[in-house]
Amino acid sequence: MNAAHVLAASTVGAGAVVAFWILAVISVAAALGLVLAPRAVHGAVLLAVVMLSLAVLYGVAGAPFLAFVQIIVYTGAVLMLFLFVLMIVGVSAADSMRETIRGQRLAAGLAGIGLLVLLALVVGHAAIGPAAPAGSNYGVLNVQRLAQLIFTRYVFPFELTSALLITAALGAMVLAHRERTSPKPSQRDLARQRVRGDHPAPLPGPGVYARGDAADMPALLPDGTPSPLSLNPVMARRRGSAIRVPGPGVPAPLPPGEPGKDGGPDAEPDREGAHP
Amino acid sequence: MTSLSGALAAATITPPHIEYGQLSPLLVVFGAAVAGVLVEAFVPRERRRAFHLVIALGGLVAAFALIISVAATPSLFAHGSPGHVVAMGAVGVDGPTLFIQGTIVVLAFVSVLLIAESSHGVSPFAAQAAAVPGSAEEREGLLRGISHTEVYPLTLFAVGGMMLFPAANDLLTMFVALEVLSLPLYLLCGLARRRRLISQEAAMKYFLLGAFSSAFFLFGVAMLYGYSGSVSLSAIAAAAATNVSSATLLYAGIALVGIGLLFKIGAVPFQSWKPDVYQGAPTAVTALMASCTVVSAFGGLLRVFYVAFGQLTWDWRPAMWGVAILTMLAGAIIAITQTDVKRMLAYSSIAHGGFVLTAVVAATAAGLSASLFYLAVYGLTTIGAFAVVTLVRDPAGEANHLSKWAGLGKRSPWLAGVFAFFLLAFAGIPLTSGFAGKFAVFQAAAAGGALPLVIIGVLASAVAAFFYVRVIVLMFFSDPAPDGPTVVTPGLFTGAAVAVGAAATLVFGIAPEPLLALASHAAAHLFVR
């Protein structure tokens, strides 16, 4: 009889024990799947399963506040954020499984299994007392008692988390918000700029091929050379000479745009105007 | 019925009692940080820096004055009491904590001077952190000559967290403090104006590894809670004295909490983030991390291991021995192979962490006071050294490669001389503060029965002295490279930082007694429980 079983059995009756064993199997299986799934989206869905089963376990154990926080904050907010990020990165993006340091995965796996065995032994050997002492902070009174703790004993760390929140908000602004340094060009400005520029017509789009169509695939000119105009300049510079060229037999990768120079405002005509 | 009794229970909550006077140094720093955020929101861009400087430096000075006034309160230490536990048991106010907080505030003041340096028209921080490196937007921002002024409130938040970290009397408060001090540092690391990709890489690495170590810390807290039924340090100590039934949980808790704390110090084998982060971060932020963060992390480590695990010295000492030996040797030996001056200083900082750990191992009042003294003098020397690093520049920014430092002594003898002085202090040459510090920690370790550790420490110091002296030889006895860097004239702020570092290194080297006496007075009653 392991420690977790003691925890589950001591609080409540047989129904809770049944719920525990069902959810234990589900959550551990989902957690393993989360680690082993190569696709991030599958991982996120399995993570939702883990969090929901934990929430139910908390509820069964008589901690309704924790159960709802688990659902509202983790499943609701954090996981949605994960999914947003995945949508930005690309739903079909899979992890690269190539090892950059040789033997790293084996070593990490051994160390992880070692730690797991160690912690399992530690928890298994520990004599954990009954989880819910009589007359307790669990069940119906749970929320009130938590409130009491938060606003008396732990009021200082609780208030302190505001510093954390301000830092997080400030950090998000610093890392994500870019202030305009020049006035926003109006539609009239953009139209004038386009007509006066070299390309009144829209710039060519990226290439679409049988074996790949992505924003970083250059379109081919009639003579078979890739067209530098068909790529976003930032992307062309990023990929440099390692630009992907569709299929075999296509010569000469694109020269990197503006090598060495940190990209001036004059580097390229305004792509925003060209690709509405 | 139950809901009625619940309502009754809720009605009988007694309001918490907060000792605002004894918490005032912390509150002033956090208040200054919030004021800095308001400045960001309401003051026009051109005038923000001046406002920030007044708020940040003024806040730190006020915090220092308040620390002294709290320390001078006669009722705090009346009848031989080690101090008070305030804020409903969340914060301990005692001698070592006040000493550490004072040290952090002084070091932060000098670091803020470095952060604020812009006498050559360039701040060390990015114009627009959100602009992609190498993009036209980045260039526009640079040409406009703007820079992020959010660094001041972020620095103050980090300093507030650092001041709370060694004062936290329960592990929950300590974890919140750990995050409050870490989160702004992750951000600050990624805001370098030059070499932005390496700076962003440093921030990313620091964030991921830091989050990982926080998770270890939390696992440890959970284990200790499972063992003792409390997160309070004194309750854990009380449980450790009586409850022997599930000691495995206690040991696992010690190990995991220890990993979290040793990571922040950068002790081997948890040091891998340090060279990369120190190299990539803006040098002013590196100075802040190498001084204040290390002091704060040692403060937290000392409190946890002296208060919560104070009766288990026999259990954690062997592991701490191993970590101290590995840290001293690995830090000193790997530093020899470095070719970048910031990476070299990072490994040197790792080695110095090992030297302080020898005094921590002693687990005595002498060990505590030696650690406090070492941290204070080492922090000041480190800021001075990094301030010198900011001054050696070539057109691409700071010239950090050691080959470019060749012959610096012939080109600008004063600067090279000051840097050589700092290096000698790191090496522990007599008449520098480094010697006094090393002497104090090794003496405490030897008195605490860790003589082999002292011998290894002296050997590691000899190895470390080799690469410090090698840099000095490189600066003074080799020919300057033709495309070598220029040494810019230090602005007022950087000059002040270098001067404070050099003066402290000299004064505490020649006359360490007053500070030593203060440290041993502060550590006399150990931590409050």
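Where residues in segment B:244-280 are hydroxyl-bearing (Ser, Thr, Tyr) and in contact with a Leu (Cβ under 9 Å, 6 or more places away or on another chain), which of them is surrounded by the most Cβ atoms within 10 Å (Cβ to Cβ)? Taking the candidates together, the pick is B:278.
For segment B:236-267, what are the residues that are in a helix (DSSP H, G or I) and without any contact (Cβ under 8 Å) to a residue 24 or more places away in the chain? If the condition is that a residue be in a helix (DSSP H, G or I) and without any contact (Cβ under 8 Å) to a residue 24 or more places away in the chain, then B:238, B:239, B:242, B:247, B:248 are the ones that fit. Only residues that are part of a helix (DSSP H, G or I) and farther than 14 Å from residue B:315 by Cβ were counted in segment B:224-235, giving 6.
Counting only residues that are among the β-branched types (Val, Ile, Thr) and under 17 Å from residue B:409 (Cα atoms), which one in segment B:483-497 is most open to solvent (accessible area, probe 1.4 Å)? Outline the logic, then answer.
Restricting attention to segment B:483-497, the residues satisfying the condition of being among the β-branched types (Val, Ile, Thr) are B:486-489, B:494.
Keeping just the survivors that are under 17 Å from residue B:409 (Cα atoms) gives B:486-489.
On the way: B:486: 85, B:487: 48, B:488: 34, B:489: 104 Å².
For segment B:483-497, the residue satisfying everything is B:489.
Of the listed requirements (1) within 14 Å of another protein chain (Cβ to nearest Cβ); (2) open to solvent by 40 Å² or more (accessible area, probe 1.4 Å), residue A:122 misses just one: (2). The residues listed here are B:129, B:158; of these, the one that is outside any helix (DSSP H, G or I) and buried (at least 24 other Cβ atoms within 10 Å of the Cβ) is B:129. For segment B:170-206, the set of residues classified as polar (S, T, N, Q) and within 10 Å of chain A (Cβ to nearest Cβ) consists of B:173, B:182, B:200, listed by residue number. Taking segment A:203-216 as the range and being among the hydrophobic types (A, V, I, L, M, F, W, C) and modelled with pLDDT of 80 or more as the test, only A:203 passes. The set of residues in segment A:102-118 being open to solvent by 70 Å² or more (accessible area, probe 1.4 Å) and more than 24 Å from residue B:249 (Cβ to Cβ) consists of A:102, A:104, A:105, A:106, A:110.
For segment A:20-66, the candidate set comprises residues that are outside any helix (DSSP H, G or I) and touching a helix residue (DSSP H, G or I) at 6+ places or on another chain (Cβ under 9 Å); within that set, the residue that is most open to solvent (accessible area, probe 1.4 Å) is A:61. Please enumerate the residues belonging to segment B:204-243 that are open to solvent by less than 40 Å² (accessible area, probe 1.4 Å), over 24 Å from residue B:188 (Cβ atoms), under 25 Å from the mean Cα position of the chain (by Cα) and not polar (S, T, N, Q). Selection gives B:220, B:221, B:231, B:233. Selection of helices (runs of 4 or more DSSP H) fully inside segment B:356-470 by the criterion of at least 3 residues being touching a helix residue (DSSP H, G or I) at 6+ places or on another chain (Cβ under 8 Å) and open to solvent by less than 40 Å² (accessible area, probe 1.4 Å) returns B:365-389, B:413-427, B:433-447.
Could you please give the count of residues in segment A:1-19 that are in contact with a helix residue (DSSP H, G or I) (Cβ under 9 Å, 6 or more places away or on another chain) and modelled with pLDDT of 80 or more?
To start, the set of residues in segment A:1-19 that are in contact with a helix residue (DSSP H, G or I) (Cβ under 9 Å, 6 or more places away or on another chain) comprises A:1-5, A:7-9, A:11-12, A:15-17, A:19.
Those still in the list that are modelled with pLDDT of 80 or more too: A:15-17, A:19.
Of the residues in segment A:1-19, 4 are in contact with a helix residue (DSSP H, G or I) (Cβ under 9 Å, 6 or more places away or on another chain) and modelled with pLDDT of 80 or more.
The values are calculated or read from the model by the stated rules, or taken from the named source; none is laboratory data. The structure displayed is predicted, hence computed values, not measured ones. Glycine also receives a Cβ, built like all others from the backbone with ideal geometry; neighbour counts cover every protein chain displayed. Surface areas here come from the heavy atoms of the whole protein model, side chains and all, with no ligands, DNA or RNA. Shrake-Rupley method; radii C 1.70, N 1.55, O 1.52, S 1.80 Å.
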